[in-house]
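Heads up, the thing below is written out as structure tokens.
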Amino acid sequence: MKNTIVERHDSDLYDHDKLPTSNGVRAETSLIKNQNKKIPLNTTAMATTGITSWRIPRLLLNFISVSPHMLTHAEEQLYHGLKNKYTGEYVHIRGDNAIWTVRSLCSPDNTTPIVLIHDFGCASGIWIENIDFLSRRHPIYMFDILGFGRSSRPNFDQTNSINAETKFIESIEDWRIVVGLQEKFFLIGHGFGAYLATLYTIRYGLFIKKLILLDPWGFNPRPDECQLNLTTPFWIKLLAYFTESWTSFSAFRYLGPLGLPLLKLLAPRWKRLAPVENSNKKSDTLYEYLYHVNIQPASGDVGFQALASWYGWAKEPIVQVDHSRMETISSEIPIVFIYGSRTHIDNTPAQQILHQRGSSNTSLKIIHNAAHFFFMEKPIQFHEVMIDILSDVPQGFHSLASRDDRITTTILRE
């Protein structure tokens, strides 16, 4: 029998209340055999914005609803064949929410941990090409952002950006407390995850050893259409109108099993980014994983919409016209920006921050012939860069990455 849960807005839980203790003992299970892991009810609850906000016949709801166990199975298939061992568990935080967490088991204990935060529309499995490499030298922690992947899917108020921002950031801090990360760690974020990583560092920089931002979203201020002499096409305005009540993944949810071939049609690049091998089997595994990640009940995508204005610009960008929100980050925390040369994200804000902070604690690197998911598309070059970053290689040192003409490091000129 399927449980239908009506959730309430719990924004007050993310003000100043105390963190509740976890319910029961959290048993660690392998990713290969975690299908029997009890799924918290909040991960299967319907959000008020999405499927249940429309009057749809029960037969159609049964057609488009997908069990979270299918996502569990897709994740297990994605992790099959990795060399290192990883464990997956639900980390319980306030508001009866749970954060799905994957961490390495056989990493060195005397090195700095790495925490990975994925992009919008993804989940922690997106790091599949990199975790074996990174976990050889560092303990790895990666989690599904609240409202995404296998984590709980609470309600977000789409009209309240402050509440959404607070809920995302405080859920990360709650997660850190429960998993027991007391020492400083490397924080790596990609896209939307880089935006959240930056906001987390602004508020909780005490725990950050180095902030590493991969193709970060939300740094650029929205351009003034009048100054650019641009007019918004009618179809864009119409699309923006519908997205006020629909999220980015509504179409996939309503199409049910037809959504998977649609995803393959609209996102052919994932075939090139298939993990381990560029085989059809591996690419199908990646497609199925991302499909099941994004057809779960609307939640995190609603929270993202609360933070984003039309056309995907952040309502509160990191770099604004008169100031940068990163000014409050301590100069003792190094910041590294990494972009793909063919990405759709402008790196001008990173250059501005580099000039403001100086090259002693800030750097900008470009991986050539790579797009937004360069860490999957060009893993060898990405790993070369990460060796330098995680080893604190000094500026100008002739390292493996500095000798690679497929990688560019921006250096300030006097």
Peptides 137-145, 191-199, 344-352 ordered by average Cβ neighbours within 10 Å, highest first: 191-199, 137-145, 344-352
By the mean-Cβ-within-10 Å protection proxy, highest first, 362-375, 117-130 rank as 117-130, 362-375
Taking 19 Å as the cut-off for C-alpha to C-alpha distance, list the pairs among Lys83/Lys210; Lys184/Lys210; Lys167/Lys315 that go past it. Lys83/Lys210
Would you mind computing the Rg to Rh ratio of the range 65-123 from its alpha-carbon coordinates, Kirkwood style for Rh? 0.99
Burial order of peptide ranges 330-337, 168-175 (average beta-carbon count within 10 Å, highest first): 168-175, 330-337
Given an 8 Å cut-off on Cα distances and at least 6 residues of separation, report the relative contact order of the range 68-390 as a percent. 20
Rg [Å, one decimal], Dmax [Å, integer] - the range 68-390, C-alpha atoms: 18.9, 58
Cα-based Rg of the range 98-167 normalised by 2.2 N^0.38 Å, two decimals: 1.30
Placing +1 on each Lys and Arg Cβ and -1 on each Asp and Glu Cβ in the range 295-389, then taking the dipole about the Cα centre, the residue among Pro317, Phe374, Gln296 whose Cα reaches farthest towards the positive end is Phe374
Along its principal axes, what span do the Cα atoms of the range 104-237 show, with the longest given first and each in whole Å? 56, 29, 28
Carbon plus sulfur, as percent of the 1.4 Å-probe accessible area of the range 68-390, comes to 56
Could you state the accessible area per residue of the range 68-390 in Å², with a 1.4 Å probe and every protein chain left in place? 39
Using a 1.4 Å probe, how large is the accessible area of Glu76, given in Å² and rounded to the nearest 10? 20
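The values are calculated or read from the model by the stated rules, or taken from the named source; none is laboratory data. As the structure is a prediction and not an experimental result, all values here were calculated from the model. Virtual Cβ from ideal backbone geometry, glycine too; neighbours counted across all protein chains shown. Remember, those area values only see protein heavy atoms, side chains included, never the ligands or the DNA or RNA. Shrake-Rupley method; radii C 1.70, N 1.55, O 1.52, S 1.80 Å.
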